[in-house]
Amino acid sequence: MKSLKSKLVIAFMLLGISVSGIAQNETLDHIEIPEVEVRGGVFYLELNAETPYARGYQHGAALQDVIKRTIVQFEDWLAENANENKPEQLIQDFAENTGHITSVKEQLPELYAEMQGIADGADVDFNKLFVYQSFDELFLYLMSSGKIEIADGHCTTTGVYGRFGLPNYVTHNNDIPTYHEGAVTVLKIKYPDSDLEILQQTFAGQIGQNGVNNRGVSVGVNTVADLPTTDFGVPVSFHVRKILESDSAMEGFDYLETITSGTAMNYMIGDRDIVISVEAWKNEAEIVTGYGNNYAVHTNHTLITDAPVTMVMDSDTGGGSYGYTHQRLELATKILEEQADNIEFEGVRDLKMEKPILVYPGSPTGRTIMCMIVEIPEEGSPILYTTPDSPNLNEHVKFEF
């Protein structure tokens, strides 16, 4: 039996009217739904619609089954790990009692429209989809309300650059809640009336997590747990997409300087010339200095002198992977100090599988779900490598423009 919404969609289509696309003058019958490939366990599809809403609708409709399954996993995770017997109510409370949705709608209206398209295409509640993809911001909400203790299992990013004749690298281990299992996705996004293309590593139904564009700009992210946060501001996934619309790493930094961040994050941003490590919180953004000549590393504590820290994170404090933030930083720094001059893909891959950089088996609140490695040559097409789950279990899958 068709759902009421499906019947309404058909009725509106017969009248030449869209559903949530009304405000964007969209008609659903003109949106071509792309085929989904599965490459080595990673979902892959190309988005080439003429508008942000239609691009999102392509994403949501093509991956509808995966998105719905993953949202059920998300709700089950909340029930089991956040002591929440009414996960749907918690989701709505977060959506309505924080300013994140409003911030995106006002500051990044095109990405808000794309998010609405994903929700409509997948036939899921917009607020639920928004909260599902805002997991860094949700963790803060859960911790502040006492639903969970300090988060367990967070990310390590690295960058290597400036080696004559060798490519630059940007890497990211996604150490996140286990409800993301089985949802690793790469979107090839083609922008209309532009030569811009993006390989967006993400999870089904989410705007973005990491990636690279055809101009050679790449980004990976990780939480900076001891810097101030807000209950408004733009979630990190939207920042990632905007950075990937840039022409250079410094243009990505310029964007972060102009916008309010919901969560304190590090953005490891690379291009064909450099890699910069940027910490962004509230209305601030600052480039981290003090690395070696051709590499950068970041874990989960601030590396900025005199930063406005909100808690102590020395090597003996924190919980789970947060407790290893200094050890992970020291290990990755030691490896790159010795190898950065000539390290290539295999060496970078091996670095990402060194414990405690690798968080496996981890826990339901955080483990390594995906490992991204982006290779940026001096000329030619960048390459995105990603795993469908932890890199100690899976080979990297290669994606090119």
Just a yes or no: is a residue in segment 83-93 within 30 Å of H396 (Cβ to Cβ), over 20 Å from the mean Cα position of the chain (by Cα) and not assigned by TED's automatic domain parsing to the domain that holds D389? no
In segment 218-228, residue surrounded by the most Cβ atoms within 10 Å (Cβ to Cβ) [restricted to those that are of a type in the set (A, V, I, L, M) and under 19 Å from N174 (Cα atoms)]: V219
With criteria (1) touching a Ser or Thr at 6+ places or on another chain (Cβ under 7 Å); (2) under 21 Å from I269 (Cβ atoms); (3) not β-branched (V, I, T), L358 comes up short on (2)
Does D231 satisfy the condition of being surrounded by fewer than 24 Cβ atoms within 10 Å (Cβ to Cβ) and within 24 Å of R328 (Cα to Cα)? no
Residues of segment 50-61 being among the hydrophobic types (A, V, I, L, M, F, W, C) and crowded, with 23+ Cβ neighbours inside 10 Å, which ones? A54
For T202, work out the one condition from (1) in contact (Cβ under 8 Å) with a residue 40 or more places away in the chain; (2) buried (at least 20 other Cβ atoms within 10 Å of the Cβ); (3) under 25 Å from F43 (Cα atoms) it doesn't fulfil. (1)
Within segment 240-249, is there a residue that is in a helix (DSSP H, G or I) and of a type in the set (D, E)? no
Is it the case, given these coordinates, that V131 is β-branched (V, I, T) and either touching a strand residue (DSSP E or B) at 6+ places or on another chain (Cβ under 7 Å) or surrounded by fewer than 24 Cβ atoms within 10 Å (Cβ to Cβ) (or both)? no
Tell me yes or no: at least one residue of segment 173-191 is on the phi > 0 side of the Ramachandran plot and in the same structural domain as S277 (by TED's automatic domain parsing). yes
Kindly provide the set of residues from segment 69-113 that are at pLDDT 95 or above and basic (K, R), ordered by number. R69, K105
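The values are calculated or read from the model by the stated rules, or taken from the named source; none is laboratory data. Since we're looking at a predicted model, the values are computed, not measured. Virtual Cβ from ideal backbone geometry, glycine too; neighbours counted across all protein chains shown.
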